[in-house]
Structures are given as structure tokens and as C-alpha cells.
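The block underneath contains the structure these notes are about, expressed in C-alpha cells.
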Ligand SMILES: [Fe+2]
């Protein structure tokens, strides 16, 4: 598994997001389902907050509509995974190495809040494209392979199409609004 995780860490687009970071790399070999659920819940929470900001501050109809949908979807996913945790008798745990990701997320939110109008929309869509690319990669390459529980694994497989859909929606909105998603 080390190779996959190292490859993942090397290619993850958004350090703030799923970057398990150097400190977690040693952990990643033996992530428990409790930790996987904790990390996954945290990342869903990040995107719920970002998407709510998009719904609130988006200058375009497109960004406000995407923000509304994405925040609702990820709220549903977060609730679903906590139900799964209960079902399989696991108490979600957030590895301490994920504190850095929380700090990075705070910085992202604060930076977005300083923008408005078209500048906000551009920064928001760029972030969301990179976020979903990294999230999809992490689910496919790290979380699914590391998950022990069949129920949890089935959940990841079931939500992947929605994550791809979010990615495509953000990319389509960027195209409509003439926003380059190059970082
Ligand atoms: Fe999403």
C-alpha cells in the first residue's frame, strides 16, 4: 500500500484538502476504518463550509446554485457515513495529523471571504475543481483500498459518481463564466 499512498501524496492537487501530509504518511499504511471515517467526515465538512460560502457569496447564478447543491449533497454524505459508523460499530477518530488540514481549510475560507464579484467566483471554482479532483483521487486510491468494512467500501463506490458530477458541474460553470481553472 505504501506505493499507492506515496503516489497519491505526490499527485494530490490540493494540499489543504486530502493531503494526509507527511505526518500521516506513516499512519496511512494502517488506517483503521474509524480513522477513514473521521478523515472523510472532516473533508466533507470542509466542502460543506466552502459550498455554503459559494451559495452565500457567489456573484453568478451558477456559483450560487452549485454551492447550494454541493453543500446539501455533502451534508447528506456526512450524515450517511456517520450512520454507517454506527451500523458497523465504529467510533470515528480524527488522526492528530489532520490538524494541519483544518488550519489550511480555515486559511482557504478566510481568503475566499476577502474576495467578491467575479474574483470570488473564479477563486471558488478553481478551488472546487482542485478539491474534487483530489477528493476523487483520495477515495479511489486511498480510502477504498484501505477500507476493511464492505458497507463502508460500498458507500465510497456509490458516492463516487456524485463527486465526479460535482467536478463536472464546477468545470462547466467555469467554462460558462469564462474562468480559467488553471491554478
Ligand atoms: Fe462534491
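Quick notes
- Listed peptides 90-97, 141-148, 109-116 by packing density, highest first (mean Cβ within 10 Å): 141-148, 90-97, 109-116
- For the range 63-183, relative contact order (Cα pairs under 8 Å, six or more residues apart, normalised by length) works out to 35 percent.
- R0 of 25 Å, Cβ-Cβ distance residue 158-residue 111: FRET efficiency to nearest 0.05: 0.15
- Simple label model, 7 Å out from Cα along Cβ direction - residue 118 to residue 75, nm: 3.2
- Annotation: for a label point projected 7 angstrom from Cα along Cα→Cβ of residue 91, residues of the range 30-68 with backbone N closer than 17 Å are 32-39.
- Sorting the segments 49-55, 100-106 by their residues' average number of neighbouring beta-carbon atoms within 10 angstrom, most packed first, yields 49-55, 100-106.
A short reminder: the numbers here are calculations on the coordinates, not readings from a lab. Only a predicted model underlies this, so the values are computations on that prediction, with no experimental measurement involved. For neighbour counting, all protein chains shown are included, and Cβ atoms are generated from backbone atoms with ideal geometry for every residue, glycine included.
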